[in-house]
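FYI, it's all coordinate maths here, none of it is from the lab. Keep in mind that this is a model prediction, so the values were computed, not measured. Note that each Cβ is placed from the backbone with ideal geometry, even for glycine, and that neighbours are counted across all protein chains shown.
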Amino acid sequence: MTKRVYIETYGCQMNEDDSERMLRLLEGAQYSETHEPQEADLILINTCSVREKPEHKVYSALGRFKRLKENRKTIIGVAGCVAQQEGERLLDRVPYLDLVIGTQAIHLLPELLQTIQTKGQKVCATELDREGKYLIAPRPQRRRGKVKSYVTIMQGCDHFCSFCIVPYVRGRERSRPSEEVVEEVKHLAAIGIKEVCLLGQNVNSYGKGRGGELDFPVLLRRIDEIRGIERIRFTTSHPEDLSEALVRSFSELSKLCEHIHLPFQSGSDRILKRMHRGYTKGSYLERVERLRKACPSIAITADVIVGFPGEEETDFQETLDLMAQVRFDDLYSFKYSPRKGTRAAEFEDRVEDSVKQERLSILQSMQKEITLQKNQVLEGTTQEILIEGQSKQSDQDVTGRTRSNNIVNVRGDVGLVGSLTPIRIVKGFPHSLRGELLCY
Ligand code: SAM
Ligand code: SF4
């Protein structure tokens with residue numbers, strides 16, 4: 001008899017892909033997915049600890065699931081960055097928790113569950129795996145209506161930005177062998193996937209640390225050659241490692257979509273130095289110029305942090321100035337959140353929360369205006385979209401993305417899912433576009 005698993009995922013695309021891989025491993029152990037926690041035999045919370053807010057969500061989620069444990073013998077587990085960071089402490093703090101599974105122990109999930117079931121023990125697996133087995137998972141099966149997929153090509157990070165917990169909870173950089181990645185993408189093409197998004201904390205340094213024998217632009221070229229794959233994306237890129245060859249890829253590879261996510265974090269050289277980012281405002285702007293020269297239609301999105309320790313008003317103005325010069329297509333903005341164990345958590349010149357909040361609001365309203373203007377500029381143009389599914393807003397609409405990663409809603413039926421379709425943009429909104437099919 002099959003059992004049911006419910007997974008709740010917080011954080012970045014990396015976590016989404018880890019959850020997907022855990023599901024595949026569990027399918028092999030006779031579990032099927034449910035979206036109803038009360039039906040589940042196993043509940044997994046895949047967590048994020050990059051900032052305080054998502055970290056706290058794990059405790060409120062566990063609180064919600066406690067009651068379910070009282071009614072049936074549900075196994076409850078915590079995976080991801082909080083699991084890696086807290087380890088055994090989580091089992092002590094939450095008595096009804098059965099499993100803590102770290103970021104490099106995913107491949108062990110079926111056997112850990114076996115131990116819990118047969119021996120009735122609680123289990124904590126947070127050892128780092130030097131062989132990189134955690135990067136492998138069974139191949140996905142064809143799923144109706146699924147047209148795009150993540151492909152993790154590397155994990156961990158060697159950059160040690162002073163604010164960031166990732167190198168401590170995801171370990172050092174490790175790339176997957178290129179053959180393995182290429183084979184996985186071929187398999188995805190064979191089961192109907194049209195778009196792949198290559199994932200890593202810093203994909204530009206693919207092949208530089210352990211594992212992986214090619215550099216990233218060469219890997220992209222190999223993937224561009226795979227029949228059936230129509231679109232390639234990747235995330236995230238670190239500005240320090242943005243090579244000329246990667247910039248050229250945007251003009252040379254037909255399947256590589258015209259979008260790059262290139263976090264800048266701050267526009268102040270003084271703050272960038274304290275963040276240990278390895279570039280200046282000037283060199284970031286130069287990279288943007290090179291990207292736009294190689295590919296004039298490229299969309300550029302980024303991450304930014306406000307209220308990093310020691311950030312003065314003049315530093316914040318530098319950030320606004322960088323934004324005004326680049327005019328990002330979209331921006332993910334965060335208030336600095338001290339993370340225990342990182343270098344910046346020791347800095348004493350912290351910025352008041354009220355100041356962080358005010359800076360965040362100023363920055364977000366500036367970006368909202370820029371994004372809206374950029375979306376409105378697209379009105380009247382023709383764009384190619386990959387139709388991904390029914391729109392959440394209306395069952396008469398389908399939704400998809402342009403090559404530059406804008407969400408577009410158009411009138412049409414689900415039979416169109418999976419097609420690459422030219423559409424005319426009729427209206428630009430703050431977060432999406434409205435389009436019309438040209439050949440409907
Ligand atoms: N590897 C990516 C890079 O170098 O840009 C980013 C990965 S990180 C998981 C995603 C984003 O979270 C970062 O770009 C940064 O803006 C934000 N972030 C990381 N640590 C943070 C912290 N302590 N406080 C606030 N935001 C943080
Ligand atoms: Fe964190 Fe910096 Fe690594 Fe990105 S590059 S994951 S921000 S340490």
With +1 on the Cβ of every Lys and Arg and -1 on the Cβ of every Asp and Glu, the dipole magnitude of the chain about its Cα centre, in debye rounded to the nearest 20, is 840 debye
Here, ILE116 and SER251, labelled 7 Å along Cα→Cβ, have an inter-label distance in nm of 5.3 nm
So GLU436 and LYS273, fully extended at 0.36 nm per residue minus their Cα-Cα distance, gain in nm 54.0 nm
Partner aspartates and glutamates whose C-alpha sits under 15 Å from that of LYS368, ignoring same-chain residues fewer than 8 away, are ASP303, ASP329, ASP330
A correct Kirkwood calculation over the Cα atoms of the chain returns a hydrodynamic radius in Å of 23.2 Å
Residues whose built amide H sits under 5 Å from the amide H of VAL100, excluding neighbours closer than 5 in sequence, are VAL78, VAL123, CYS124, ALA125
Sequence order, segment 322-329: Karplus ³J(HN,Hα) from phi using 6.51 cos²θ - 1.76 cosθ + 1.60, θ = phi - 60°, Hz rounded, Gly and Pro as x, gives 4, 4, 5, 6, 7, 6, 4, 6
The local net charge around TYR150, scoring Lys/Arg +1 and Asp/Glu -1 for residues other than TYR150 whose Cβ lies under 9 Å from its Cβ, equals -2
Per the charge dipole of segment 6-48 (beta-carbon charges, Lys/Arg positive, Asp/Glu negative, Cα centre), the residue among TYR6, THR47, SER32 reaching farthest to the positive end is THR47
Residues meeting the amide H criterion for ALA299 (H placed from the backbone, H to H distance under 5 Å, 5 or more places apart or on another chain) are HIS259, ILE260
Karplus-derived 3J(HN,Hα) from phi for segment 109-116 (6.51 cos²θ - 1.76 cosθ + 1.60, θ = phi - 60°), whole Hz, x at Gly and Pro, runs 3, x, 6, 5, 5, 4, 4, 4
Excluding near-sequence neighbours (fewer than 8 apart on one chain), segment 107-149 holds lysine pairs with C-alpha atoms under 30 Å apart numbering 4
For LYS293, the lysines lying under 21 Å Cα to Cα, once residues fewer than eight places off in the same chain are dropped, come out as LYS255, LYS281, LYS374
With DSSP loop assignment and no more than 10 other C-beta atoms within 10 Å, the trypsin sites (Lys or Arg not before Pro) in segment 103-205 are ARG142, ARG144
Rounded to whole angstrom, the alpha-carbon centroid of segment 178-193 lies from that of segment 397-438 at a distance of 26 Å
Distance in Å, no decimals, from the C-alpha centre of segment 118-147 to the one of segment 1-34 is 9 Å
Computed ³J(HN,Hα) along segment 178-186: with the Karplus parameters 6.51/-1.76/1.60, θ = phi - 60°, integer Hz and x for glycine or proline, the list is 4, 4, 5, 5, 4, 4, 5, 5, 4
Cα extents of segment 173-233 along the principal axes, largest first, in whole Å, come to 32, 18, 16
The summed charge of the LEU68 Cβ neighbourhood (under 13 Å; Lys/Arg +1, Asp/Glu -1) stands at +1
Toy charge model, Lys and Arg Cβ at +1, Asp and Glu Cβ at -1: segment 129-170 dipole around Cα centroid in debye, rounded to 20, equals 560 debye
Taking GluC sites (Glu not before Pro) in a DSSP loop with at most 16 other Cβ atoms within 10 angstrom as exposed, one finds the longest site-free stretch of the chain at 1-126
So the FRET efficiency between GLU20 and GLU379, C-beta based with R0 = 30 Å and rounded to 0.05, is 0.25
Computed from the beta carbon distance with a Förster radius of 30 Å, FRET efficiency for GLU8 and LYS340 to the nearest 0.05 stands at 0.80
Simple SL model, points at 7 angstrom along Cα→Cβ for GLU88 and SER361; separation in nm is 4.7 nm
Within the under-11-Å Cβ sphere about HIS431, not counting HIS431, Lys/Arg +1 and Asp/Glu -1 give a net charge of 0
Low-density loop trypsin sites (Lys or Arg not before Pro), segment 383-425, at most 10 other Cβ within 10 Å, DSSP non-H/G/I/E/B, are LYS392
dims of segment 322-440, Cα set, principal axes, largest to smallest, nearest Å -> 61, 30, 22
Ordered by number, the trypsin sites (Lys or Arg not before Pro) in segment 17-91 that occupy a DSSP loop and have at most 15 other Cβ atoms within 10 Å are ARG72, LYS73
SER354 and GLU52 label points (each 7 Å along its Cα→Cβ direction) are spaced in nm at 1.7 nm
Fewest-first ordering of TYR59, TYR134 by Cβ atoms within 10 Å yields TYR59, TYR134
With the charge dipole of segment 393-440 built from beta-carbon charges (+1 for Lys and Arg, -1 for Asp and Glu) about the Cα centre, the Cα from SER432, VAL417, THR399 projecting farthest to the positive end belongs to SER432
For the chain, averaging the sequence separation of alpha carbon pairs under 8 Å that lie six or more residues apart and dividing by its residue count, the contact order in percent is 10 percent
The extension gain from ARG411 to ARG290, computed as 0.36 nm times the residue separation minus the Cα-Cα distance, is 39.8 nm
Relative contact order as a percentage, segment 337-428, C-alpha pairs under 8 Å and 6+ apart, gives 27 percent
